[in-house]
Structures are given as C-alpha cells and as structure tokens.
Amino acid sequence: MHPAYSVIFFTTASGAGYGLLAMLGLGAAFGVVFPQSIWFCLVALGLSLGLITLGLLSSTFHLGHPERAWRAFSQWRSSWLSREGVAAVATYVPAGLFGLLWLGGFDGGPVWKLLGVLSAVAATITVWCTGMIYGCLTTIRQWNNPLVAPIYMALSAATGLVLFALLMQGFGAGQSWHVVLAIAALVVAAALKLIYWRGIDQAPRDLTIGDATGLGRLGTVRQFEAPHTQSNFVQREMGFKVARKHASKLRRLCLLVGFAGCLAACVLALLLPGAGTMVFLVIATAAAGFAVVVERWLFFAEAEHVVNLFYGTERA
Amino acid sequence: MTSLPTAEERSGKKLGLVIDLDTCVGCHACAVSCKEWNTQGYSAPLTDVNAYGSDPVGAWLNRIHSYEVDTEDGQPNRTVHFPRSCLHCEEPACVTVCPTGASYKRAEDGIVLVNPETCIGCKLCSWACPYGAREYDPSHGVMKKCTLCVDRIYNEHLEPEDRQPACVRACPAGARHYGDLGDPDSAVSKLVAERGGYDLLPQSGYKPVNKYLPPRPRRTGTQPEAAKAPKALEALGAGDGSLADQFFKWADKVLTR
C-alpha cells in the first residue's frame with residue numbers, strides 16, 4: 001500500500017496525543033498531576049490536544065473533498081473510519097471540560113477527576129478505532145491481523161508515556177516510576193511488533209494469480225498483457241512495493257535506533273541525576289518519534305493488497 | 001446509508017453481468033464504450049489527465065487483462081482475455097467501510113453505487129475491494145465505479161434494445177451478458193448453470209453477483225509438422241551434420257575471417 005505522508009503523520013501524531021491525554025486524565029484521577037498548575041495544564045494538555053488536532057487536520061489532506069469531511073460522522077453503524085471520526089470529536093468534549101476546569105483553578109475535585117477518566121476512555125476508544133480501520137480490511141493480509149489494533153494502542157501508550165515523563169521532569173515533578181512506566185510500554189510495543197513481523201513473514205502466501213482469476217483450473221497462469229500502458233490508480237495506491245532488503249533494514253533501524261535507542265535513553269535518564277535526566281528524556285522522545293514514524297511507514301509499505309494478483313503478482 | 005440492505009429489504013433482484021472468457025477476444029471495445037457512455041452519464045465526466053502525454057492517468061470503470069495459461073499438456077499455451085469491473089457483490093465491504101454513506105447498495109436491484117455529491121474521496125472503499133473495481137478520479141476528488149449503466153437500463157428515452165449496459169451493447173463477440181442473476185429462470189442464470197459460471201475469489205466472502213464463464217475445453221490435436229521448429233531449420237541445412245552442413249559451416253568460417 002502507498003504510504004501517504006499525511007496518514008503517517010496523522011496516526012503517529014494523534015496516537016502520541018491520545019496517549020498523553022489518557023495519561024494526563026488518569027494522572028489527574030490518581031492525584032499524580034498538579035491540579036493547581038495552570039502552566040502545566042497549558043503545556044501538557046495543549047501539547048496533547050495540539051498533536052491530536054494537527055493529526056486530524058493532516059488526515060483531511062488526503063481527502064478529495066476535505067470540505068465534506070463532516071459527512072464522515074454519519075456511518076458509525078458500519079464504518080470504523082466513521083467511528084474513529086465520531087470518537088475523535090467526542091474526545092474533545094471531556095478533554096475540553098477537563099482543561100477548562102483545570103485552568104479555572106478547581107483544584108482536584110471529583111468532577112475534574114471524572115472528566116480526566118472520561119478523556120482517557122475516549123482517547124483509548126479513538127485509537128482502537130484507528131487501528132480497526134486497517135484491521136478490518138480482509139483484502140490486506142498484513143493488516144487483517146488481530147495484533148494490528150493492539151499495536152496501535154501500545155505505540156500510542158508508549159509515545160504518550162515518554163511525553164508524559166518528559167513533561168513531568170520538565171516541571172520538576174519527575175519521578176522514576178514515570179520513566180519505568182514508559183519503559184514497560186515500549187517493551188510491550190516492541191514485543192508485539194516483533195511477534196507481528198514474525199507472524200506476517202511466516203504466514204503462507206496461499207492465494208495465487210490462478211485463484212484470483214479462476215483460471216488456475218486450466219494450468220499455470222501468468223500475466224500476458226496489462227490492461228493499460230501506464231499505471232492506474234489501483235496500481236499506484238495498492239501496488240506500492242518495498243524491496244525486501246530495504247524493509248528488513250528499516251525494521252532493524254526502527255528496532256535498534258528507535259525502540260532500543262529510546263529504551264537506552266530512558267534507562268540512562270533513570271540512572272543519571274539532575275540535568276542528565278532531562279537531556280536523556282529529550283533523546284528518548286526523539287527516538288520514540290523516529291520509531292513510530294518508521295513503523296508506520298513500514299506498516300503501509302509492507303502491506304500487500306490482494307488486487308495485485310490481477311496485475312501479475314503470482315502470490316499474495 | 002452504508003449499512004447493507006437487510007434480507008427483507010432486498011427485492012431478490014440481482015442485476016449483473018456474465019462474462020464469457022471463452023469468447024472474449026480482448027478488443028477493449030467494452031472498456032471504450034463504457035468510458036464513452038460514462039463520461040456523459042451518472043457521476044460524469046470520467047476524466048483523463050494528460051491523456052495524450054507520456055504519463056496519462058484517469059479513471060476507467062472496466063479494464064481488460066490478458067493472461068497466458070500454461071496448460072502443461074504439451075499443447076501451446078492459451079491466451080485468456082479477462083474483463084474486470086465491479087461485480088456488484090451481495091456483501092460488499094467497500095460499502096460498509098464508507099464513512100459518509102456515499103457508497104450504497106440498492107435494495108431494489110442490488111446495484112452498488114457511489115453518490116458523487118457526498119463522497120469525500122477518502123479512498124477507503126478502494127482498499128476494501130479485492131477486485132480493484134473502484135478508481136479514484138483525481139480531477140473530481142471522488143471515487144468512480146461501474147454503475148451497471150443505471151442511467152441506461154431504466155431509461156425509457158432509449159430504444160428497448162439499448163436499455164442494457166454500454167459494455168454489453170458494444171461487445172462484438174457476444175462475450176458479455178446482462179440480466180437478473182437472482183432469478184433462476186433468467187437467460188443469464190441458465191447460462192451460468194449450463195457453462196459452470198464461477199465467482200472471483202469466493203473466499204473473500206463478498207459474494208459477487210457477476211459471474212465468469214470458464215474457457216471451454218480445447219479440442220485435442222497434434223501440432224502441424226510445419227510448425228515444429230527443428231524441422232524448419234533442417235530444411236535450411238542448419239545443424240544436421242551432413243556434408244552440406246559441414247560445407248556451410250566451413251564457408252561461414254572463411255567468410256567471417
């Protein structure tokens with residue numbers, strides 16, 4: 001599948017934003033974040049909602065008619081994309097009220113805490129819907145996989161927790177368990193991704209060009225002539241291929257520079273006192289961003305659509 | 001509404017095409033006729049960009065593939081021309097993934113359509129289609145697909161013989177048939193039963209309405225002697241080791257010196 005930059009930016013930025021929002025909401029409920037600090041609210045909630053909003057706006061760039069995007073809220077009964085749209089907008093309601101109460105100086109009342117929990121729940125639902133947009137497509141073997149939506153959740157949580165640890169440290173309230181939580185989420189995400197990669201590599205490519213055309217009953221089928229001289233939309237959108245050796249190189253980069261780099265920086269942040277912690281948390285944030293962007297690019301580039309069988313691919 | 005019509009809502013009518021892979025000659029007349037009709041009909045125009053340039057792009061609703069089949073029986077390979085368009089599936093996920101309700105399946109006849117006024121051009125439906133039937137029109141920012149010529153088949157301004165899809169009307173080989181596949185007594189249903197018509201990718205679960213008729217078994221026979229390459233070469237005196245052959249080899253060597 002063609003990796004559209006707007007969709008890569010959308011899913012990674014909003015994923016991190018929703019992860020951070022969920023952490024801030026739960027942090028509020030458990031009395032971890034400071035209810036009295038307006039600056040922390042402005043920076044942390046601002047960053048979270050900013051990432052979400054930029055991501056959502058960027059997702060409209062790949063639409064043919066962005067001005068009609070509001071119509072996408074109507075078909076939540078059948079469409080995961082519509083459900084995601086509804087959940088994304090619905091999340092602004094508790095998150096906005098949560099922020100307003102915070103700015104209004106209500107220090108830690110039960111309503112504020114409840115709004116925090118609601119924001120976290122809404123953020124979780126939204127990210128699940130994002131994953132299911134891809135996970136429900138039976139036409140793409142690499143996407144129609146039970147791990148796809150959980151990996152979206154795990155990566156959203158991991159990037160959100162790294163940002164949370166960075167912000168808490170930046171406001172002088174950093175504690176080692178913030179970083180430990182981020183490390184745990186990173187390990188879970190990397191493990192899920194490794195299992196996923198192994199799974200898609202080992203899955204049999206059991207559909208052939210003969211199955212797709214139904215001509216396999218006659219013998220071995222090859223494409224003799226394509227229907228058109230230049231690539232059409234279907235080939236440009238669905239026929240994107242990444243060379244196997246590039247994909248494995250990028251997987252290694254994602255794991256070693258991204259995930260392992262972020263883990264190492266988190267561990268160093270734990271070990272080093274004072275300013276060192278902050279420096280390594282900034283490095284960890286950059287590495288986490290790199291990891292999710294490469295992961296998301298590969299998620300598209302490695303996805304093989306069954307329609308390519310009609311265009312001469314022998315197996316899918 | 002992108003939820004599919006329920007069994008009660010459906011009329012039982014399943015309009016669709018039956019494509020005879022035995023008689024299709026791969027002339028692309030159906031595709032050209034489709035393009036011509038649909039650039040002025042429902043969801044028109046069907047634009048091409050840079051049509052006469054080096055890299056033309058554009059949406060077509062019907063594409064004609066050609067495949068070579070090695071029958072592994074000592075006979076020459078077969079060429080099969082293979083028109084591919086929307087199959088108007090009974091369970092089309094391209095419809096259910098649509099977030100806006102622009103894609104829908106008609107309860108009255110089973111035709112799958114895109115409303116060009118409400119499509120946002122998110123392209124998700126094209127991802128959900130295993131058959132590559134949907135093509136995005138970059139000049140309008142909406143998805144285009146076969147309408148089964150919904151603006152012809154019910155059009156009382158046309159002569160009765162023209163009230164069928166443009167591709168069917170244009171086919172010079174009689175390889176395309178249109179009718180109600182929900183009616184077991186219709187001509188198309190009988191044709192499918194008689195010729196062993198099949199579904200594309202039945203494992204997709206989309207239950208396509210359009211059917212494909214497989215190429216008929218070939219008459220077995222031996223290849224004419226003249227068509228056999230070694231014999232033809234022998235006649236020219238190449239490579240049989242005879243005196244004449246040795247002479248020509250010697251002459252060739254001398255002359256190339």
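The values are calculated or read from the model by the stated rules, or taken from the named source; none is laboratory data. Everything numeric here is computed off the predicted structure, so don't read it as measured data. Positions of Cβ are generated from backbone atoms using ideal geometry, with glycine treated the same way; all protein chains shown enter the neighbour counts.
A few points about this structure:
- For the range A:1-52, a residue qualifies if it is without any contact (Cβ under 8 Å) to a residue 12 or more places away in the chain and in a helix (DSSP H, G or I), and the qualifying residues are A:Tyr5, A:Gly46.
- Output for the range B:53-74, where each listed residue is closer than 29 Å to B:Leu148 by Cα and assigned to a loop (DSSP other than H, G, I, E, B): B:Asp55, B:Pro56, B:Ala59, B:Trp60, B:Leu61
- The sole residue among A:Thr130, A:Thr124 that is within 16 Å of the chain's Cα centre (by Cα), under 19 Å from A:Phe164 (Cα atoms), of a type outside the set (Gly, Ala, Ser) and assigned to a helix (DSSP H, G or I) is A:Thr124.
- Only residues that are assigned to a helix (DSSP H, G or I), small (Gly, Ala, Ser) and free of Cβ contacts under 8 Å to residues at least 60 places away in the same chain were counted across the range A:73-108, and they come to 6.
- Test set (1) over 21 Å from the mean Cα position of the chain (by Cα); (2) in a helix (DSSP H, G or I) - A:Gly261 fails condition number: (1)
- Tally, over the range B:2-57, of residues that are over 23 Å from the mean Cα position of the chain (by Cα), on the phi > 0 side of the Ramachandran plot and within 13 Å of chain A (Cβ to nearest Cβ): 1
- Among the conditions (1) surrounded by fewer than 21 Cβ atoms within 10 Å (Cβ to Cβ); (2) closer than 26 Å to B:Ala93 by Cβ, A:Gly31 misses just one, which is (2).
- Any pair with Cβ under 8 angstrom, 6 or more apart, that starts in the range B:24-37 at a residue that is of a type in the set (Val, Ile, Thr) and ends at one that is in a loop (DSSP other than H, G, I, E, B): B:Val25/B:Pro172; B:Val25/B:Ala173; B:Val25/B:Ala175
- Criterion (more than 8 Å from chain A (Cβ to nearest Cβ), assigned to a strand (DSSP E or B), under 28 Å from A:Arg68 (Cα atoms) and not aliphatic (A, V, I, L, M)) met by exactly one of B:Tyr136, B:Tyr104: B:Tyr104
- Any chance B:Leu87 is more than 7 Å from chain A (Cβ to nearest Cβ), in contact with a Phe, Trp or Tyr (Cβ under 7 Å, 6 or more places away or on another chain), crowded, with 17+ Cβ neighbours inside 10 Å and under 20 Å from B:Val209 (Cβ atoms): yes
- The single residue among B:Pro130, B:Pro172 that is within 30 Å of B:Asn77 (Cα to Cα) and exposed (fewer than 13 other Cβ atoms within 10 Å of the Cβ) turns out to be B:Pro172.
- Here B:Asp109 fulfils each of the conditions (1) surrounded by fewer than 22 Cβ atoms within 10 Å (Cβ to Cβ); (2) facing chain A (nearest Cβ under 9 Å); (3) more than 19 Å from the chain's Cα centre (by Cα); (4) closer than 30 Å to A:Ile133 by Cα apart from (2).
- Yes/no for B:Pro138 being within 27 Å of B:Gly58 (Cβ to Cβ), modelled with pLDDT under 95 and assigned by TED's automatic domain parsing to the domain that holds B:Asn38: yes
- Yes/no for B:Tyr67 being of a type in the set (Phe, Trp, Tyr) and more than 12 Å from chain A (Cβ to nearest Cβ): no
- Look at the range A:240-259: where a residue is over 20 Å from A:Ile140 (Cα atoms) and a partner is among the β-branched types (Val, Ile, Thr), sitting 6+ places away or on another chain with Cβ atoms under 8 Å, you get A:Leu250/A:Val242; A:Leu250/A:Val294; A:Leu253/A:Val294; A:Cys254/A:Val294; A:Gly258/A:Val292; A:Gly258/A:Val294.
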